[in-house]
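Everything below concerns the one structure shown next.
The values are calculated or read from the model by the stated rules, or taken from the named source; none is laboratory data. Only a predicted model underlies this, so the values are computations on that prediction, with no experimental measurement involved. Positions of Cβ are backbone-derived with ideal geometry, glycine not excepted, and every protein chain shown enters the neighbour counts. For the accessible areas, the whole protein counts, side chains as well, though only heavy atoms, and no ligand, DNA or RNA atoms are used. Shrake-Rupley method; radii C 1.70, N 1.55, O 1.52, S 1.80 Å.
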Amino acid sequence: MRAVLRMVAWRVAFAVPLLVIVTIVMFALAQASPFDPVRQYLGERALVTSPEVVEAIRANWGLDRPVLEQYATWFGNLVSGELGESRSLHRPVTEIIGERLGWTLLATGSALVLMFAGSLVVGTLAAWRRGSWLDRVITGGAFANESAPVFWLGLLAIWIFAVTLGWLPAGGLTDAASTTISPGDVAAHLILPVTVLAISQSSWLVLYVRESVIGVLREDFVIGARARGLRERTVIVRHALRSALLPFLTLLGARMPELVTGAILVETVFSWPGVAAASVQAALAVDFPLLAALTLLGTAAVLAGNLLADIAYTVADPRVRTLGVG
Amino acid sequence: MRIATWTLAVLALAVLVLPPIVQLDQSLVDLRSAGQPPSFAHPFGTDEVGRDVLLRSVYGLRVSFLVGLVAALVSMVIGGAIGLAAGSLGGLPDRLLMRVVDGFNALPHLLFGIFIVALFAPSAAAVVVSVGVTHWTTAARIVRSEVLSLRTRPFVEAAVSGGAGRMRVVRRHLLPHLLPHLVLATVLMVPHAIWHETALSFLGLGLPPHLASLGNMINDGQRSLLTGDWWSSLVPGLFILAPTLAISVLAQRWRDRSSPRWRSELEL
């Protein structure tokens, strides 16, 4: 337990300065940007608005203050949970995140579960029948999948399952005609995005499971289990897979940035109403308050994922605990 | 292996030689032949305004490859410089720089790319910068570990005891050894950089829409996909998939060959 606490403290000591630096960099980029928020706010009216009114808006928004003071105000607001108002949707950022975050967590969470289960089965199958046509198909497929852009996979899935076969909806959260959100409807809309996200993230995991199961299958305790006459399934699942599993947890933490990337693209392709797709909309509208909040959220998600992976690893592997690594 | 080499060779030939020879205008709009399925005249069909998808894909690959190459070079220069500094200075600077590397690795790259591109009007330069600044960490790691191992070699010690300054050692003795590693890392980075360019363009945040880049084409083709015209968005994707897969297959082979022991262990 002490090792876990120390590791958490260590991680947080790294995460907090990083998040602060991220806010500084974002603010500096916004300052250097040629976009003028006031002009953007006024739109075509900018041509007919008198300079005094423009100055009044600037003063009202605090844009005439020194840069450092502007940053301090913005940062202070962020810390106190005041994320500001979205410039494109004209609603509080917290409200937008609040209603979208759940959908993103639902989609990425389901994708993670599917990715884990699927990769374990497929990777173990490939290792168990190593060198066979099945193994070759699986490894080849994993390599091809790793090279295919996820948004392309998404479009391919839409073309096959929504356009040609007509089995599943092409995107959105519910049918366009429905006025309420029913679980069955959402589930039908969830299948394609979740599967595409899971598949796009699973190549490395399948190859990793395959390689580590192959490695473990040669170990003495597996040969011993076989020699004791245990069933093949018991040998694979109870002995080989179990010890091949451990290092994943840290690897999964290291893959968090890719998961965020995948979520952005998949949510956009399938018009899923989550926070990841909102970041693209915010970027297209140059909506700094919303985009900055979502970028921070993405970074925090990666850091939290790393932390969770490390905690799980420390709890799962007693060797790390006694050695006090981290 | 052979297929991968051939794929790369054919694509390289198409990208380098085809445009000057064929003299066809990829941006030629021909509404009479809009949305045609693959045929003899148009092997991969035409898009919704009648442009030939195959021809445009080749041009798109050309644009995407150029942007990807420049972005990869930018990230290698940044990463190489930081890795070299960390490895040769050692001590506190090294530890600080490695923390910076850890920090960059914790960032969701695409999200930061989106952030940068959004604030500085979508353009090839913005894409190059956004990919370059977020992807130098791999090069930095490789160069640093290589420098650390080179530092203990006799020829470096000999140079130092012979009175060579730090800069001279770096230039004359370290850089020549680092170059092959950097070149390989750049080659491996190019497909990833192309991926980033296409992802940004696909989101409407990358290259300007009139440029035929693979991401723009996939984005344009999205609408007609819903009416069944699969070719205009799915074909450009194949032009991303094929070279990426070919390069990763070749890299895998190269790795196997350079560490035969590891390979033989796996074969056992």
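Some observations on this one:
- Taking 0.36 nm per residue of separation and subtracting the Cα-Cα distance, full extension of the segment from A:Leu63 to A:Val121 would add 15.2 nm.
- Expected 222 nm ellipticity per residue - DSSP helices of 4 or more, -39500 (n - 2.57), all of chain A, to 500: -23500 deg cm²/dmol
- Gyration tensor verdict on chain A (Cα atoms; rounded if a/c is under 1.5, prolate if a/b is larger than b/c, oblate otherwise): oblate
- A cut-off of 5 Å between modelled amide H atoms, ignoring neighbours fewer than 5 places along the same chain, links A:Glu85 with A:Val93.
- Gain on full extension, evaluated as 0.36 nm per residue between B:Ser123 and B:Trp254 minus their Cα-Cα distance, stands at 43.6 nm.
- Shape category assigned to the protein assembly as shown from the gyration tensor of Cα positions, a/c cut at 1.5: rounded
- To put it simply, the accessible area of the protein assembly as shown at a 1.4 Å probe is 67 percent carbon and sulfur.
- Estimated at 0.36 nm per residue, the fully extended path between A:Glu211 and A:Ser33 surpasses their Cα-Cα distance by 59.4 nm.
- Buried on assembly, segment B:209-228 (at least 40 Å² less accessible surface than by itself, 1.4 Å probe): B:Leu225, B:Leu226
- Ligands, DNA and RNA are left out, and with a 1.4 angstrom probe the accessible area of chain A is 51 Å² per residue.
- The residues of segment B:44-266 present an accessible area of 42 Å² per residue when probed at 1.4 Å with all protein chains retained.
- The residues of segment A:133-159 occluded by other protein chains by 50 Å² or more of accessible area, set against the chain on its own, are A:Phe143, A:Ser147, A:Pro149, A:Phe151, A:Trp152, A:Leu155, A:Trp159; surface from heavy atoms, 1.4 Å probe.
- Distance between modelled label sites at A:Arg228 and A:Arg91, nm, 7 Å Cα→Cβ extension: 5.9 nm
- Global form of segment B:44-266, assessed from the alpha-carbon gyration tensor, a/c cut-off 1.5: prolate
- Label sites at A:Ala9 and A:Ala285, each approximated as a point 7 angstrom past Cα along Cα to Cβ, lie 4.5 nm apart.
- Efficiency of FRET between B:Trp6 and A:Val53 - r from beta-carbon atoms, R0 56 angstrom, step 0.05: 0.30
- On Cα atoms only, tilt of A:288-316 relative to the major axis of chain A in degrees: 20 degrees
- Per-residue 3J(HN,Hα) values for segment A:137-148, derived from phi via the Karplus relation 6.51 cos²θ - 1.76 cosθ + 1.60 with θ = phi - 60°, read 4, 5, 5, x, x, 5, 5, 4, 5, 5, 8, 7 Hz in sequence order (x marks Gly and Pro).
- Accessible area buried between chains A and B, both sides summed, probe 1.4 Å, in Å² to nearest 100: 4100 Å²
- Lys/Arg +1, Asp/Glu -1 at C-beta; chain A dipole; positive extreme among A:Val79, A:Leu294, A:Ile236: A:Ile236
- Electrostatic tally near B:Met98: other residues with Cβ closer than 10 Å to its Cβ, Lys and Arg +1, Asp and Glu -1, net +2.
- Relative contact order of segment B:44-266, pairs being alpha-carbon contacts under 8 Å that are 6 or more residues apart, as %: 30 percent
- Helix axis angle, A:67-79 relative to chain A longest principal axis, alpha carbon, degrees: 50 degrees
- Net dipole in debye of segment B:44-266 [+1 Lys, Arg Cβ; -1 Asp, Glu Cβ; about Cα centre; nearest 20]: 1080 debye
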